[in-house]
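Since the structure comes first, as structure tokens, the remarks are kept for the end.
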Amino acid sequence: MLVTTEGIVLHFIKYGESSVIATIYTRDFGRQSYMINAARSKKSKNKSSLLQPLFPVDLVAYQKSGRDLQRLKELKSNQVYQNIPFEIAKSSIAIFIAEVLYKSISEHESYTEMYDFIKNSLLYFDLMEEGASNFHLWFLFRLTEYLGFLPDTGQVSFQGWFDIKKGVVLYFEPSHPFYANKEITSYLIKLSNLKISELGNFKISRNMRDSLLSVLTEYYQSHFEELGEIKSLNVLREVFL
């Protein structure tokens, strides 16, 4: 069946001399893998330029239920980013988020609420001037709501420790080592209450940003064994530290 939908590019690998297999999170069919023939040929430079991390695309595909690899007929840009491809900080964040999404989204079915959240957040991020360096922290936290493991960050007292294993803020220090200390927990609670438009007011040091990122990453890893090592994390740290 020939279908038309939109999607967000998560990953691609080369296949053969000129083709690629692209993993795209689509609005109507969830995560899908597409064979794109001649994507790397001289005549198809436009196709390969669209397959960058988190680029929004429109596509026409031959879709067959139960098939692991679909075949793409047409691919074109859905929205053109103004800043993400050209700013090293924003492009590094995009690569990091793309890797997290690639390793954490597995459903081959429509989840329009999560798709719209991802797309709209990225379009806002592309134009952000203040608070952009904290976007990935906010995005990781908010995405947990759609993935089904939103942390309970309700403050239990004047101080608290975030238990990474349980996903809750406790009024006592856990007996195991998988938790955030009081200072990191206080920033996590502040982050949990922020709207994306308020990120410019989220004042945080570079070291604390890195610590908070480590806690959020560990929290994801505790829910997704396949997440493993996030290779783009070191690049992201080099950009911001």
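Throughout, read-outs are computed from the coordinates displayed, never taken from laboratory work. Because the structure is predicted, anything quoted here is derived from the model rather than measured. Glycine gets a Cβ as well: all are built from the backbone with ideal geometry, and neighbour counts include every protein chain shown.
Taking chymotrypsin sites (Phe, Trp or Tyr not before Pro) that fall in a DSSP loop and have at most 11 other Cβ atoms within 10 Å as cut points, what is the longest piece of the chain between them?
Looking at the chain, 1-85 is the longest stretch - no exposed chymotrypsin sites (Phe, Trp or Tyr not before Pro) with at most 11 other Cβ atoms within 10 Å.
For Arg71, what residues show an amide H to amide H distance below 5 Å, using hydrogens built from the backbone and excluding near sequence neighbours?
Residues meeting the amide H criterion: Met35, Tyr62.
Under unit Cβ charges (Lys, Arg +1; Asp, Glu -1), what dipole magnitude, rounded to 20 debye, does the chain have relative to its Cα centre?
It comes to approximately 840 debye.
Mind giving me the FRET efficiency for Asn181 and Glu6? R0 is 41 Å, r the Cβ-Cβ distance, nearest 0.05 is fine.
So, using R0 = 41 Å, E works out to roughly 0.45.
Relative to the first principal axis of the alpha-carbon coordinates of the chain, what is the inclination of helix 88-104, with its axis defined by its Cα atoms, in degrees from 0 to 90 and to the nearest 10?
Compared with the principal axis, the helix lies near 90 degrees.
Working only with C-alpha atoms, what are the Rg and Dmax values of segment 1-80, expressed in angstrom?
11.4, 33
Connecting C-alpha atoms closer than 10 Å in a GNM of the chain, tell me which of Ser106, Ser175, Ser18 has the biggest fluctuation.
Ser175
Mind checking the dipole of segment 77-218: about its Cα centre, +1 per Lys or Arg Cβ, -1 per Asp or Glu Cβ, Debye to the nearest 20?
Charge dipole of segment 77-218: 320 debye, to the nearest 20.
Could you tell me which of the pairs Lys166/Lys231; Lys14/Lys103; Lys14/Lys73 are separated by over 21 angstrom between their Cα atoms in the structure shown?
Beyond 21 Å between Cα atoms: Lys166/Lys231.
Kindly state, to the nearest 0.05, the FRET efficiency for Ile88 paired with Phe117, given R0 = 30 Å and r defined as their beta-carbon distance.
Calculated transfer efficiency: 0.75.
In nm, to one decimal, how far is the modelled label at Val168 from the one at Leu127, with both set 7 Å along Cα→Cβ?
Output for this residue pair reads 4.1 nm.
Among the GluC sites (Glu not before Pro) within segment 102-188, which fall in a DSSP loop and have no more than 14 other Cβ atoms within 10 Å of their own Cβ?
Glu107, Glu109, Glu129, Glu130
Please label the shape of segment 184-241 as rounded, prolate or oblate, based on the square roots a ≥ b ≥ c of the eigenvalues of the alpha-carbon gyration tensor (a/c under 1.5 means rounded; beyond that, a/b larger than b/c means prolate, else oblate).
oblate
Quick one: order Lys195, Lys103 by neighbouring beta-carbon count within 10 Å, fewest to most.
Lowest count first: Lys195, Lys103.
Can you tell which of Leu147, Phe162, Pro177 lies farthest toward the positive end of the dipole of segment 140-241, using +1 and -1 charges on the Cβ of basic and acidic side chains (Lys, Arg; Asp, Glu)?
Going by the charge dipole, the pick is Phe162.
What's the center-to-center distance, using Cα atoms, between segment 137-168 and segment 54-81 in Å?
So the two Cα centres are separated by 34 Å.
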